[in-house]
Amino acid sequence: MRRPVAVLFRIAVVITAVLGVHLTTRDSSFTASLAYFTIQSNVLVAAVFAWSASATWRGAGHPPTWLKGGTTLSIAITGLVYNLVLADLPVAPHASPIWHLSNQVVHVVTPIAATVDWLLFDEHRRFRFSHAFAWLAYPFGYLGFALVRATTVDGPHRYPYPFLDVDVLGWDGLALNVLLYGGAFWLLGLALVLIDRALPRNAPPAPVPAEPTRAAVSRSAGSDIC
């Protein structure tokens, strides 16, 4: 029974992430919107959870541990940074109800749903402490991407987030933010590892054996007669 529920839940997560990205980017260029970690992490969730739902349905295991764990961490970062750092920033006065809805979907609903999936349906006790370091590759890679992109874009929104804005912070301020945020992300990764090790193993259910075909039954009966 757990496998069909896991498949349906993961499909729901895919739909939620895709819907959130669509609503968020419908009035702008999707390619330009990929400059934001929020959009990237939601796209990552949609892709990895589609893979996970398919694999679960076929009884073919799950995506690699490092990828599923890194996806969970990345979308958790999206939710936490928004709600703890960015949520109180002023928004455009003409923002529509659809914009506010999409904002909640990509920053709250998808992160919570992905975390719930990890807690309830993933196989646990697979994370290693080294994963907490490895998972930082994506946030630091995003940092490099954002800084390089800023050299090719003009205007006040060259930097996608205020804590990356070298024009305001200076390089010293940026370095301090990198240390603070990088350390916080590493601790969050360690928390995922510790929680994963404390949870029951939650091994995935074995695939249901296929019904024997009529030919196979006939061959089996023939071998018994011989």
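The values are calculated or read from the model by the stated rules, or taken from the named source; none is laboratory data. Since the model is a prediction, treat every value here as computed from it, not as a measurement. Backbone-built Cβ (ideal geometry, glycine too); neighbour counts: all protein chains shown. In case anyone asks, the SASA skips ligands and DNA or RNA and just uses the protein heavy atoms, side chains included. Shrake-Rupley method; radii C 1.70, N 1.55, O 1.52, S 1.80 Å.
Points worth noting:
- Checking D154, D167 one by one, the residue that is part of a helix (DSSP H, G or I), free of Cβ contacts under 8 Å to residues at least 40 places away in the same chain and among the charged types (D, E, K, R) is D167 and no other.
- Output for the range 123-151, where each listed residue is of a type in the set (A, V, I, L, M), open to solvent by 30 Å² or more (accessible area, probe 1.4 Å) and either within 26 Å of V13 (Cβ to Cβ) or in a loop (DSSP other than H, G, I, E, B) (or both): A134, A137
- Any chance V91 is free of Cβ contacts under 8 Å to residues at least 60 places away in the same chain and on the phi < 0 side of the Ramachandran plot: yes
- Consider the range 8-33 and keep the residues that are hydrophobic (A, V, I, L, M, F, W, C) and at pLDDT below 95. The one that is surrounded by the most Cβ atoms within 10 Å (Cβ to Cβ) is L23.
- So F49, is it surrounded by 16 or more Cβ atoms within 10 Å (Cβ to Cβ), among the aromatic types (F, W, Y) and in contact with an Asp or Glu (Cβ under 9 Å, 6 or more places away or on another chain): yes
- Looking across the range 152-182, just one residue is open to solvent by less than 30 Å² (accessible area, probe 1.4 Å) and under 30 Å from R126 (Cβ atoms), and that is G182.
- Search result, residues across the range 97-122 that are open to solvent by 40 Å² or more (accessible area, probe 1.4 Å) and either touching a strand residue (DSSP E or B) at 6+ places or on another chain (Cβ under 6 Å) or under 21 Å from H157 (Cα atoms) (or both): W99, H100
- Any hit, the range 109-131, residues being over 30 Å from A55 (Cβ atoms) and under 19 Å from the mean Cα position of the chain (by Cα): no
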